[in-house]
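First the structure, in the form of structure tokens, and then the observations on it.
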Amino acid sequence: MGSGSDPWQRELVLRVMPMPADSNANGDVFGGWIMAQVDIAGAVPVARVARGRIATVAVNQFIFKQPVSVGDLLSFYATVTRVGNTSVTVHVEVYAERNPANPHIVKVTEANLTYVAIDPQGQPRAIPRG
């Protein structure tokens, strides 16, 4: 998952640009759209750890730091912070790259989510070790 000895380093897992359909009349992107993207981004490293099907069980913290506008290029970085017997917690940070003519990057959102590994019947299952 990263390039060093720590297997749970921060990793770029998703990059997306919100479009007009993702925003309100003022051009601000809906918080719910951002939340959905964070859920997708958080699931990427968790699915690797769980080696199979997972489900979101908790949004432990979600902080909107800055508004997101149509045309911002969003980068989602995820870090696995805890691996339990059946669950995995991940921290996701979202950065917006703005103004392509004179680019600058700002952190717009961060969140902590917990996912549970599930079997084909949707019941919790043990996470493989090693």
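Quick rundown of the values:
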item	result
In the stretch 81-130, residue modelled with the lowest pLDDT [restricted to those that are surrounded by 13 or more Cβ atoms within 10 Å (Cβ to Cβ) and basic (Lys, Arg)]	Arg98
Complete set of residues in the stretch 6-44 that are surrounded by 13 or more Cβ atoms within 10 Å (Cβ to Cβ) and of a type in the set (Asp, Glu)	Glu11, Asp22, Asp28, Asp39
Selection count, the stretch 35-73, where residues are assigned to a strand (DSSP E or B), in contact (Cβ under 8 Å) with a residue 60 or more places away in the chain and out of contact with any Phe, Trp or Tyr (no Cβ under 6 Å at 6 or more places or on another chain)	1
Unmet criterion (only one of (1) in a helix (DSSP H, G or I); (2) in contact with a strand residue (DSSP E or B) (Cβ under 9 Å, 6 or more places away or on another chain); (3) small (Gly, Ala, Ser)) for Gly32	(2)
Output for the stretch 45-71, where each listed residue is of a type in the set (Val, Ile, Thr), surrounded by 14 or more Cβ atoms within 10 Å (Cβ to Cβ) and farther than 21 Å from Ala117 by Cβ	Val68, Val70
Residue match in the stretch 56-72 (condition: of a type in the set (Lys, Arg), modelled with pLDDT of 95 or more and in contact with a Ser or Thr (Cβ under 6 Å, 6 or more places away or on another chain))	no
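The values are calculated or read from the model by the stated rules, or taken from the named source; none is laboratory data. Only a predicted model underlies this, so the values are computations on that prediction, with no experimental measurement involved. Every residue, glycine as well, gets a Cβ built from its backbone with ideal geometry; the counts of neighbours run over all protein chains shown.
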